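The values are calculated or read from the model by the stated rules, or taken from the named source; none is laboratory data. Here the structure is a predicted model, which means the values were calculated and not measured. Glycine also receives a Cβ, built like all others from the backbone with ideal geometry; neighbour counts cover every protein chain displayed.
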Amino acid sequence: MFDIRPDDLTDPQTRALLALHLSGMQANSPAEAVFALDLSGLQRPDIAVWTAWDGAAIAGVGALRVLVADDCEIRGEIKSMRTHPDHLRRGVAAALLRHIIGQARDRGMTRLSLETGSGPAFDPALALYRAHGFMEGEAFGGYHASAFNQFLHLRI
C-alpha cells in the first residue's frame, strides 16, 4: 500500500514533516522534556531514516538509531515516528513500525526502545506500540524520566 524507502533527508516533504514532528512535540511538552531530534540530529551515521510514500505524497517518517549497550549488545532506538496529518488512521505508522522492527532484526538488534511523550496527545502512538508488543520500562540511553515522557521496549 505504501512505498517505504530509505530517505536522505533532502526532500522538502521529508523536511516539512520532520519540522511538524518537532513542533508537535514542543507543543505538548516543556522544552526541557522534548528529546525529539531536529533535522541535523537525524543526519548522523548511527541513524537510518525511512519514509512512507503514497504516490508522490509523503505519508510518514520513522528512524532507527543504533545503540550499543555496556555489555556490547546491539540495541536500537526508534526516533521521529510521525504520520502526515493527511494520512492519519490509514496504517502508515503501523507499516513504518513493522519495517523498522524488521530492519532492527536484520541488523542483529536484540531490543528496540523508544522515548515518547505522555498525555492524551500520545495515546494513539502508545496504542500502536503496545499492539506491536512494546512494554513500558525504564529510562535508557541517557534519557531522564519526567511527568512528560515515558519509555517503551520490545525484545526482538
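Computed values, structure above
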| quantity | calculated |
| --- | --- |
| Scan of the stretch 80-113 for residues that are under 17 Å from L152 (Cβ atoms) and crowded, with 20+ Cβ neighbours inside 10 Å, ordered by number | S80, M81, R82, A93, L96, L97, I100, I101, A104, M109, L112, S113 |
| Residue pairs meeting the criteria (Cβ under 9 Å; at least 6 apart or on separate chains; first under 12 Å from L42 (Cβ atoms) and without any contact (Cβ under 8 Å) to a residue 60 or more places away in the chain, in the stretch 3-19; second among the aromatic types (F, W, Y) and surrounded by 13 or more Cβ atoms within 10 Å (Cβ to Cβ)) | D7/W50 |
| Of all residues making up the stretch 82-124, the number that are at pLDDT below 95, assigned to a helix (DSSP H, G or I) and touching a strand residue (DSSP E or B) at 6+ places or on another chain (Cβ under 6 Å) | 1 |
| Residue pairs meeting the criteria (Cβ under 9 Å; at least 6 apart or on separate chains; first without any contact (Cβ under 8 Å) to a residue 12 or more places away in the chain and over 11 Å from D7 (Cα atoms), in the stretch 39-60; second of a type in the set (S, T, N, Q) and in a strand (DSSP E or B)) | G41/S80 |
